[in-house]
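Have a look at the structure below, then the notes.
Computed from the coordinates by the stated procedures, all read-outs in this text should not be read as laboratory data. Every value quoted in this text rests on a predicted model; they were computed, and no experiment measured them. FYI the Cβ positions are ideal-geometry reconstructions off the backbone, even for glycines, and counts take in every protein chain you see.
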Amino acid sequence: MSKSLRLSEKWFNRGLWLVAILFSQFLIGLGQVVMQDLPKVEQQYTAHDFIDPELERSLEQQQTQAEKNYLAARQAVDKAEQQLNGLEAEYASAHGTFSNWLATRQVTEQHGQDKALIERTKQLDKIKARQDKAQTQLDELLRIQEQKYNEQQTVQQNYSAALAEADLKVFEVQRQQELKVFFYRLLLALPLLALALWLFNKKRKTKDWPFVWGFLIFAAYTFFVELVPYLPSYGGYIRYIVGLIVTIFAGRKAIFALNNYLEKQKQAEQLPEQQRREKLSYDMALSHLAKNVCPGCERGVDLKNPDNDFCPHCGIGLFDYCGGCQSRKNAFSKFCHRCGLGAGG
Ligand SMILES: [Zn+2]
Ligand SMILES: [Zn+2]
């Protein structure tokens, strides 16, 4: 990743970053497929796996029987209700006929019909008695229906209680399974992270840097994002502790690099000017000067002032004069911008 001012090289570098990102995306995709297949290793349990089969069969039978009993009681109630309704209609109809007959009798004043009156009243009473009996039967059947309903409820509750107890065991087993899956994932993700750190440490400045960065993005994503949904309750510790280790590792590396840089810079500033100039990269010197920064010591300098031929901080020459035409020119330029003479001439 050398800094360059060449246009094509800049674009090639951007393209290589694209390669790094694409590489990381494909790795992430592949990792996801692998990860998704992991939980399938484990069997999925339900409450029925943790209930005594003998007990469950008995409970099922009880439930079926109780349902049947309740249904039968309800059918009996329906039948009794129909019967009662029929008797009520019969009574109403008989009572109507009797009332009409009574009215006719009063109008015609036929008093010789007392026997008939008694007979008709008796018949009416008989229907009434049957109706009362049917009502009593219906009341009894309703009582039985309620009893059967309560029995059914009790059986249902027992069954539910047994299933709830089994559910607790399922929950326990699932928790253990999740823990196992989490450790599988950790076992995959941790070496990736370690390998990524090693690559970052050793290989990030090689010409294969796009693959190093792609792998780094993939490993960080896998560990810090993908693992999250599978973290058990204490899993946060692992994430934060590993995060801390990585940050300390990266931070110490940055501090070391800074000290190293300052040390090198100090040593470089001790060298004679010509040697210092030779050590600086041409492109870097030009890009520094474009930002009003001294290429030798990287401190700010005022390049617009035509008197500033040397850096006031480190003394390196910033401008010199062409050997051919005496023009004032950038001391790092390889050729004179006016006469084209090589800088050595
Ligand atoms: Zn300087
Ligand atoms: Zn010149």
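Quick notes on this one:
- Cα-Cα pairs of segment 203-345 separated by more than 25 Å (percent): 52 percent
- Rounded tilt (10° steps) of 7-37 against the dominant C-alpha axis of the chain: 30 degrees
- The order of TYR221, TYR237, going from fewest to most other C-beta atoms within 10 Å of their C-beta, is TYR237, TYR221.
- 0 to 90° range, to nearest 10: angle between helix 53-108 axis and the chain longest Cα axis: 40 degrees
- Cα radius of gyration and Dmax for segment 256-328 (Å): 13.0, 47
- Between the listed residues PRO191, GLN274, ALA129, the Cα displaced farthest toward the positive end of the dipole of the chain, a dipole computed from Cβ unit charges relative to the Cα centre, is found at GLN274.
- Surface/4 estimate of mean projected area, convex hull on alpha-carbon atoms of segment 217-287, nm²: 7.1 nm²
- Descending semi-axes in whole angstrom, ellipsoid equivalent of the chain, from the Cα gyration tensor: 106, 29, 16
- The three principal axes of the C-alpha atoms in segment 170-245 carry coordinate ranges of 53, 20, 15 Å, sorted with the longest axis first.
- Where the Cα pairs of segment 47-178 fall when distances are cut into 5 Å bins, in %: 2, 9, 11, 10, 9, 8, 8, 7, 6, 6, 5, 4, 4, 3, 3, 2, 2, 1, 0, 0
- Taking the square roots of 5 times each eigenvalue of the Cα gyration tensor of segment 290-345, largest first, gives ellipsoid semi-axes of 22, 11, 9 Å.
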